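**Student:** The following block contains the structure, expressed as structure tokens.
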Amino acid sequence: MPRDLVRSAFITPKLKKQKITGSRSVLHLDMDAFFAQVEQTTNPALRGKPIAVVGNKKRTVIVTSSYEARKHGVKTGMTMGEGTRACPDLIFVPGNNRKYIDTSVKIINVLKNFSPVVEVFSIDEAFVDITGSLRLFGGKEAIGNSIKKRIKEELNLTCSIGIAPNKLIAKLASDMEKPDGLVIVNDKDIPGLLEELPIEEICGIGKKTGKKLRTLGIETLGELGRYPASILKKKFGIIGERLHYMGLGIDESPVVPMGDENPAKSIGHSMTFPTDVDDREDINRYLLLLSGKVGRRARRHGCLGHTVSLYVRFSDFTGIGKRHTVENPVNLDNDIYSVASKILDTLEVDKPVRLLGVSIANLIYNGKQFPLFKNERRDFLLTDAMDNVKDIFGEDAVTYATVTEWPSEAGVISPAWRPNGPRRVDPK
Ligand code: DCP
Ligand code: CA
Ligand code: CA
């Protein structure tokens, strides 16, 4: 048999099946009491004990606690005093970011054995598109159990896994039987699951949006799904439509292997703020600074990017990343900024922001080309002039009026936990 035919005989049935059903299988993994569990595995004296992990000097609140401590009512966000009142035997352990970062990387590497499509979502969470891996590993439950087993054997840690037709429901599912859970949700289970569920339970509906939805009389996801999409769009703009789909449990967003890009293929910069930021104007200011850093590097290398990515990490370590591809590739600060800012408009930012990251990918190398159109020339010339000043007098010699200081990157855990992330690109 000709080789091509042999190959298509293997490939066709699977492709066909996927096309007809259009059904995906998305796995979401979230580590149990992550920082606390890492502390307990690395220090046997802490195992089985109520412990609370606290931050560095500035952040003396409890960032997480072991399940033994939670039984007594210890909660994330409590002060040390409140923790001790809830549980007099509580043992405080100062956090060690390096350990958590290293563990996070190991977890991601385990996941990559099961599918190449792994999206790092936060320090202890990832999505994996396992649609193409089901056969090889014997189905959803088998993959879920194998991942859990490997993480237990290799790292001595437990995690909770949700498997569903999309990211939205997979994330919900991983939280349903914590700790050490494995929950599989099929299409037919979704309406029943969402009917009575309070809107805030779904990832993407934060306090602000939740409050606004409640003023419309919407309390459960079932109600949200039945609410007229047109009114939601009017009240919430771009995310109105997404809210409607959330209520129906529909989420077509792909699992994007983000936070794990090949450094050579993207240029980026991210920063953790000294204190969390929740003012949109401040966020914009940082966004412009980061876009400027990215643009400057790109221009030095004579390259432009077709795709702009934005990462937002919140104070609670959750995060969103999204990318947008533009027809005309960009490398001017303002162009990168305007795409990044548009992406930001489509994201729900209702928690203080801890970190922002901007990167460009899909790079083309064409040196420095003078723009054809007059309106583009002004920005080009301005940027070029700024670059020249920086070349001679240093990076801080000139900046935008809205941006007068570049805060130091001190103290808190940074995106370094994704060592292949955009930050590492182009060490100069
Ligand atoms: N974290 C933090 N500050 C917060 C929330 C979390 O520093 N406000 C850190 C500590 C957590 C880790 O991020 O261990 C992961 O956060 P999760 O919300 O996933 O919580 P845990 O993994 O600790 O517990 P759970 O088993 O409920 O997921
Ligand atoms: Ca967790
Ligand atoms: Ca988490």
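**Student:** Residue by residue through region 130-150, note down the ones that are within 25 Å of the chain's Cα centre (by Cα) and in contact (Cβ under 8 Å) with a residue 60 or more places away in the chain.
**Tutor:** Result: ILE130, THR131, GLY132, LEU134, LYS140, ILE143, GLY144, ILE147.
**Student:** Inspect all residues belonging to region 151-166 and state whether any of them is in contact with a Pro (Cβ under 9 Å, 6 or more places away or on another chain) and either more than 14 Å from ligand 3 (Cβ to nearest atom) or modelled with pLDDT under 95 (or both).
**Tutor:** No; the residues of region 151-166 include none that is in contact with a Pro (Cβ under 9 Å, 6 or more places away or on another chain) and either more than 14 Å from ligand 3 (Cβ to nearest atom) or modelled with pLDDT under 95 (or both).
**Student:** Here is a further query. Hey, does region 20-33 have a residue that's modelled with pLDDT under 95, assigned to a helix (DSSP H, G or I), closer than 30 Å to GLY139 by Cβ and more than 15 Å from ligand 2 (Cβ to nearest atom)? Working first, answer last.
**Tutor:** Restricting attention to region 20-33, the residues satisfying the condition of being modelled with pLDDT under 95 are 20-23.
Filter once more, keeping what is assigned to a helix (DSSP H, G or I): 20-21.
Narrowing the set further to residues that are closer than 30 Å to GLY139 by Cβ leaves 20-21.
Checking the rest, the ones that are also more than 15 Å from ligand 2 (Cβ to nearest atom) come to 20-21.
Looking through region 20-33, at least one residue is modelled with pLDDT under 95, assigned to a helix (DSSP H, G or I), closer than 30 Å to GLY139 by Cβ and more than 15 Å from ligand 2 (Cβ to nearest atom).
**Student:** For region 156-212, name all the residues that are touching a Cys at 6+ places or on another chain (Cβ under 9 Å) and among the small types (Gly, Ala, Ser).
**Tutor:** SER174, GLY181
**Student:** What about ASP282, is it over 20 Å from ASN362 (Cβ atoms) and part of a loop (DSSP other than H, G, I, E, B)?
**Tutor:** Judged against the criteria, ASP282 is not a match.
**Student:** Of all residues being among the small types (Gly, Ala, Ser), farther than 13 Å from LEU90 by Cβ and more than 16 Å from ligand 3 (Cβ to nearest atom) in region 21-72, which is surrounded by the most Cβ atoms within 10 Å (Cβ to Cβ)? Just the residue, please.
**Tutor:** SER25
**Student:** Moving on. Criterion first (within 16 Å of ligand 3 (Cβ to nearest atom), within 27 Å of GLU177 (Cβ to Cβ), within 27 Å of the chain's Cα centre (by Cα) and exposed (fewer than 15 other Cβ atoms within 10 Å of the Cβ)) does GLY77 satisfy it?
**Tutor:** Details: within 16 Å of ligand 3 (Cβ to nearest atom): yes; within 27 Å of GLU177 (Cβ to Cβ): yes; within 27 Å of the chain's Cα centre (by Cα): yes; exposed (fewer than 15 other Cβ atoms within 10 Å of the Cβ): yes.
Here the answer is yes, as GLY77 does meet what is asked.
**Student:** Identify all residues within region 158-182 that are among the aliphatic types (A, V, I, L, M) and under 13 Å from GLU201 (Cβ atoms); write none if there are none.
**Tutor:** Those that are among the aliphatic types (A, V, I, L, M) and under 13 Å from GLU201 (Cβ atoms): LEU168, ILE169, LEU172, ALA173, MET176.
**Student:** Next question. Suppose we filter VAL63, VAL53, VAL74, VAL118 for residues that are within 30 Å of GLY357 (Cα to Cα) and more than 10 Å from ligand 1 (Cβ to nearest atom); which single one remains?
**Tutor:** VAL118
**Student:** Select from region 232-277 the residues that are at pLDDT 85 or above and among the acidic types (Asp, Glu) and list them in ascending order. Even if it seems obvious, please write down each step before you answer.
**Tutor:** Of region 232-277, the ones at pLDDT 85 or above are 232-237, 239-255, 266-273, 275-277.
GLU241, ASP251, GLU252, ASP276 - these are the residues of region 232-277 that are at pLDDT 85 or above and among the acidic types (Asp, Glu).
**Student:** Among the residues of region 271-283, write down those that are more than 16 Å from ligand 1 (Cβ to nearest atom) and buried (at least 17 other Cβ atoms within 10 Å of the Cβ).
**Tutor:** MET271, ILE283
**Student:** Inside region 128-172, can you point out the residues that are farther than 24 Å from TYR100 by Cβ, surrounded by 15 or more Cβ atoms within 10 Å (Cβ to Cβ) and of a type in the set (A, V, I, L, M, F, W, C)?
**Tutor:** Answer for region 128-172, where residues must be farther than 24 Å from TYR100 by Cβ, surrounded by 15 or more Cβ atoms within 10 Å (Cβ to Cβ) and of a type in the set (A, V, I, L, M, F, W, C): ILE130, LEU134, PHE137, ILE143, ILE163, ALA164, LEU168, ILE169, LEU172.
**Student:** Continuing with the same structure: Please indicate, with yes or no, whether at least one residue in region 41-55 is more than 16 Å from ligand 2 (Cβ to nearest atom), farther than 30 Å from PHE114 by Cβ and within 29 Å of the chain's Cα centre (by Cα).
**Tutor:** Yes, because at least one residue in region 41-55 is more than 16 Å from ligand 2 (Cβ to nearest atom), farther than 30 Å from PHE114 by Cβ and within 29 Å of the chain's Cα centre (by Cα).
**Student:** Name the residue that is nearest to LYS140 (Cα to Cα), counting only residues in region 168-192 that are within 19 Å of the chain's Cα centre (by Cα) and more than 16 Å from ligand 1 (Cβ to nearest atom). Don't jump to the end; show me each part of the working.
**Tutor:** Of all residues in region 168-192, those within 19 Å of the chain's Cα centre (by Cα) come to 168-175.
Add one more test, that the residue is more than 16 Å from ligand 1 (Cβ to nearest atom), and what stays is 168-169.
Numbers: LEU168: 17, ILE169: 15 Å.
Per the stated criteria, the residue is ILE169.
**Student:** A further question follows. So, of the residues in region 97-109 that are away from ligand 1 (no atom under 12 Å from the Cβ) and surrounded by fewer than 19 Cβ atoms within 10 Å (Cβ to Cβ), which turns out to be nearest to the chain's Cα centre (by Cα)?
**Tutor:** Result: VAL105.
**Student:** Tell me, please, whether a residue that is surrounded by fewer than 15 Cβ atoms within 10 Å (Cβ to Cβ) and within 16 Å of ligand 1 (Cβ to nearest atom) can be found in region 86-94. Walk me through how you get there before you give the answer.
**Tutor:** Residues of region 86-94 surrounded by fewer than 15 Cβ atoms within 10 Å (Cβ to Cβ): 88-89, 92, 94.
In the following step, the residues that additionally are within 16 Å of ligand 1 (Cβ to nearest atom) were identified as 92, 94.
So far as region 86-94 goes, yes, one or more of its residues are surrounded by fewer than 15 Cβ atoms within 10 Å (Cβ to Cβ) and within 16 Å of ligand 1 (Cβ to nearest atom).
The values are calculated or read from the model by the stated rules, or taken from the named source; none is laboratory data. Since the structure is predicted, the reported quantities are computational estimates derived from the model, not experimental observations. Here the Cβ is made from the backbone with ideal geometry for all residues, glycine too, and neighbour counts use every protein chain on show.
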